[in-house]
Structure formats: C-alpha cells, structure tokens
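Undergrad: Mind having a look at this structure? Questions to follow.
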C-alpha cells in the first residue's frame, strides 16, 4: 500500500498512527503512535505530535512546535513558529503526573501566533486570533483577538484574519472577504 502523504526522510513516524492524504511532514519531525493527523496538513521542521493528539484537516503547524497529549486542533488551525502548549497544570520533575493531562481544544480556523503559550485546560474559540508572544490563561471566545501576558482581549477578528470595527448597530464588514459580522452581548456571529 502506498502512502498518500509526504514525510521527509529525517521524520520519525511511529505506528500505529493516522495521517491523512496530502499531508506534508518536514525535517526532524516526530509523529508518535496513537496520533491522528487529518488531510492536507503541513507540519514544519522539528514538530512533535504526541500520542492521542488529533489534528483536523488543513492544519498548519510551523517549525519547533510540540503538540502534547491532551490537545485537539480542529480544521484550518494555524500554530505559529515556536508556540507552546502545556498539558499538566502543576508539573514537577519528581512527581509523575502522566494520566493527569488537562485538555486543550483549539476550534476551527483559530490562529495562535509565534512564541505564544497556551496554558492547558482552555478552549481557543473558532477563528480566534492569539497574538505573537501572548500567554493564554483563560478561554478565548470565538473571533476574539487576544494579546499580551497574560493574554487580554483587544478586539475581534474576521475569518480572513482582519480586525473588525463594529458600528453603532453592532455590525462590521471584513475588508477582504466582504463578510458581515454582528456583535451582541459580547458575542460575535457571522451574518448569512
């Protein structure tokens, strides 16, 4: 049976794992047994995908990112260079906490910028945008833009990654796609 994905010769792929068609795995990356990677993903250099991790379709994992057990990324997620996930809330070298992993969910279309850190146990909402270097210590709402340490919300983003400016009626238009968004009671929805 021929493989339907590309893996650079220096990549290590432990079996069993699932890797979708059209996925590309680059230099010195390690895919561990029990992980699931969707179709048309791109895993950059020096990426680690741990056991039990699920990546949806079209996920982009940039260089030097480790996705640890307990993390799930839905379709179209972007993980920027050297961003960090954690999976134990109170790690100690001398205390074995395997099996006490705290779950982190990154929802469809979310972006996590370069060198950002996501403390485990939080949800990054659909199409949320975590700025470079941010430290996420709470849930991030869908379409929210968060920056800083600790990360604080500084606005809203469109599905195309543009900051949204809402008028007095709570409506905004993405300058690239023309999609319309509505803000009500601290929640953004895309209008049909």
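Bear in mind these aren't lab numbers, they're just calculated from the coordinates by the rules spelled out. The structure presented is a predicted model; accordingly, all values stated were derived computationally and were not measured. Note that we place each Cβ from the backbone using ideal geometry, even for glycine, and neighbour counts take in every protein chain shown.
Undergrad: Fewest Cβ neighbours within 10 Å first, please rank 129, 6 accordingly.
TA: In order of increasing Cβ crowding within 10 Å: 6, 129.
Undergrad: Could you pull the Rg and Dmax for the range 1-127, using just the Cα atoms, both in Å?
TA: 13.9, 44
Undergrad: Normalising by the residue count of the range 78-151, find the relative contact order in percent from Cα pairs under 8 Å and 6+ residues apart.
TA: 28
Undergrad: Continuing with the same structure: Between residue 114 and residue 96, what is the label-point separation in nm under the 7 Å Cα-to-beta-carbon projection?
TA: The two pseudo-label positions are separated by 4.0 nm.
Undergrad: Of all beta bridges DSSP finds with both residues in the range 54-121, what is the antiparallel percent, to the nearest 5?
TA: 10
Undergrad: Related question: Counting other beta carbons within 10 Å of each residue's own, what order do 59, 188 fall into, fewest first?
TA: 188, 59
Undergrad: Using the number of other C-beta atoms within 10 angstrom as an exposure proxy, rank 76, 139, 167 with the fewest first.
TA: So the ranking, lowest neighbour count to highest, is 167, 139, 76.
Undergrad: Here's something else I'd like to know. Compare 22, 109, 125 in a GNM of the chain, Cα atoms joined below 10 Å, and give the one with the largest fluctuation.
TA: 22
Undergrad: Sequence gap at least 6, Cα distance under 8 Å: using those rules, report the relative contact order of the chain to the nearest whole percent.
TA: 10 percent.
Undergrad: If you take every DSSP beta bridge whose two residues both sit in the range 95-164, what share of them, in percent to the nearest 5, is antiparallel?
TA: 35
Undergrad: Identify which of 113, 178, 148 has the largest mean-square fluctuation in a Gaussian network model of the chain, with springs joining Cα atoms closer than 10 Å.
TA: Per the Cα network of the chain with a 10 Å cutoff, 178 tops the list.
Undergrad: Tally the DSSP beta bridges in the range 68-192 and give the antiparallel ones as a percent, rounded to 5.
TA: 45
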